[in-house]
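Shown next, in structure tokens, is the structure this report addresses.
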């Protein structure tokens, strides 16, 4: 399941992923939300938080993620990937060269640092 996090504002979007992501999560929630924000704000900064119960993507959702990401690879300023299994961090590092924006991974317990990084603020200030 995908939820837009309440901390989202303007060009900064927080996305919380739980369970297994589906094609409907992308087509009904994430893609319309990002498309609307692209039209209003231009480039976006995204925090993608994988909750402890996140297990991955079904095949259609993985395709949605890859195709939407490639289509908009120049439309993201910063992407903070927070939490998730170790294999996700490895995949991010391997595919990060495809994105024009900056991608940084954070452990789940450092979500505050991820928000601060997106907002160009030092944690605790």
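Here are a few things to note about the model shown:
- Going from the fewest other Cβ atoms within 10 Å to the most, the residues 67, 39, 116 appear in the order 39, 67, 116.
- Among 42, 84, 56: highest mean-square fluctuation, GNM of the chain, C-alpha pairs under 10 Å: 42
- Helix-only [θ]222 nm of the chain, DSSP H runs n ≥ 4, -39500 (n - 2.57) each, per residue, nearest 500: -10000 deg cm²/dmol
- Extension gain from residue 63 to residue 5, taking 0.36 nm per residue of separation minus the Cα-Cα distance: 18.6 nm
- Taking the chain as a Gaussian network of alpha-carbon nodes connected by springs under 10 Å, the highest mean-square fluctuation of the residues 53, 45, 23 belongs to 53.
- Beta bridges per DSSP, both residues in the chain: antiparallel share near 15 percent.
- Relative contact order of the chain, pairs being alpha-carbon contacts under 8 Å that are 6 or more residues apart, as %: 24
Every number in this text was worked out from the coordinates using simple rules, so none of it is lab data. In this text the structure is predicted, and so the values were computed from the model without any measurement. Don't worry about glycine lacking a Cβ; one is built from the backbone with ideal geometry, like all the others, and counts go over all protein chains shown.
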